[in-house]
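Chemist: One structure, as structure tokens, below. Some questions next.
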Amino acid sequence: MSAALLGASEAALATPNMYWDHLRSSLSQADCVSRGESLMSSLTTGRVSKDVDSVRSWTDKTLAVVECIRMGDHMTVMVLVGSDDAVAGSKLLDALKKGMQ
């Protein structure tokens, strides 16, 4: 019985896997957001929304954000992925980073 309770408590404490990284880009902010939107549309099947400096995509299992921040003479691109599936989350982060370079 204690094993059943332990299993239940572990499930209740489960959290999504979070991945993030950043990179420099020479893209304009508009081009950065446009590229992020295109990537998310092709890599995920979830909803995609954007504003002037970021793009977000989400499903019931995964969330992704590409943030395009002007830092002086270059763009800093922040990529964040949260996923219930560690392998899928890691692959999505890698694909977004590669596509944003």
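Chemist: Tell me which residues, restricted to the stretch 62-101, are over 13 Å from the mean Cα position of the chain (by Cα) and hydroxyl-bearing (Ser, Thr, Tyr).
Modeler: The answer is 76, and nothing else.
Chemist: From the residues in the stretch 55-88 that are part of a strand (DSSP E or B) and among the basic types (Lys, Arg), which one is farthest from residue 15 (Cα to Cα)?
Modeler: 70
Chemist: Right, another one. Being of a type in the set (Lys, Arg), on the phi < 0 side of the Ramachandran plot and in contact with a Leu (Cβ under 9 Å, 6 or more places away or on another chain), is that true of even one residue in the stretch 46-54?
Modeler: Filtering the stretch 46-54 down to residues of a type in the set (Lys, Arg) leaves 47, 50.
So of that shortlist, the ones also on the phi < 0 side of the Ramachandran plot come out as 47, 50.
Subsequent filtering for residues that are in contact with a Leu (Cβ under 9 Å, 6 or more places away or on another chain) retains none.
Scanning the stretch 46-54 turns up no residue that is of a type in the set (Lys, Arg), on the phi < 0 side of the Ramachandran plot and in contact with a Leu (Cβ under 9 Å, 6 or more places away or on another chain).
Chemist: If you scan the stretch 68-80, which residues turn out to be surrounded by fewer than 18 Cβ atoms within 10 Å (Cβ to Cβ) and either in contact with a Leu (Cβ under 7 Å, 6 or more places away or on another chain) or under 20 Å from residue 98 (Cβ atoms) (or both)? Spell out how you get there, then give the answer.
Modeler: The initial filter retains those residues of the stretch 68-80 that are surrounded by fewer than 18 Cβ atoms within 10 Å (Cβ to Cβ), namely 69-74, 76, 78.
Of everything in the stretch 68-80, those that are surrounded by fewer than 18 Cβ atoms within 10 Å (Cβ to Cβ) and either in contact with a Leu (Cβ under 7 Å, 6 or more places away or on another chain) or under 20 Å from residue 98 (Cβ atoms) (or both) turn out to be 69, 74, 76, 78.
Chemist: Can you tell me which residue in the stretch 1-35 is nearest to residue 69 (Cα to Cα), limited to those that are at pLDDT below 70 and in a loop (DSSP other than H, G, I, E, B)? Break it down into steps so the answer makes sense when it comes.
Modeler: So the first thing to find is which residues in the stretch 1-35 are at pLDDT below 70, and the list is 1-14.
Subsequent filtering for residues that are in a loop (DSSP other than H, G, I, E, B) retains 1, 13-14.
Values: 1: 52, 13: 34, 14: 32 Å.
So, considering only residues that are at pLDDT below 70 and in a loop (DSSP other than H, G, I, E, B), the one nearest to residue 69 (Cα to Cα) is 14.
Chemist: Ok, one more. Counting only residues that are surrounded by fewer than 17 Cβ atoms within 10 Å (Cβ to Cβ), among the hydroxyl-bearing types (Ser, Thr, Tyr) and in a loop (DSSP other than H, G, I, E, B), how many does the stretch 36-53 have?
Modeler: So the answer is 1.
Chemist: Considering only residues that are at pLDDT below 95 and either under 16 Å from residue 101 (Cα atoms) or over 11 Å from the mean Cα position of the chain (by Cα) (or both), which ones fall in the stretch 51-61?
Modeler: Selection gives 59, 60, 61.
The values are calculated or read from the model by the stated rules, or taken from the named source; none is laboratory data. Owing to the predicted nature of the structure, the values given are computational and were not obtained by experimental measurement. Neighbour counts run over all protein chains shown; Cβ positions are idealised from the backbone, glycine included.
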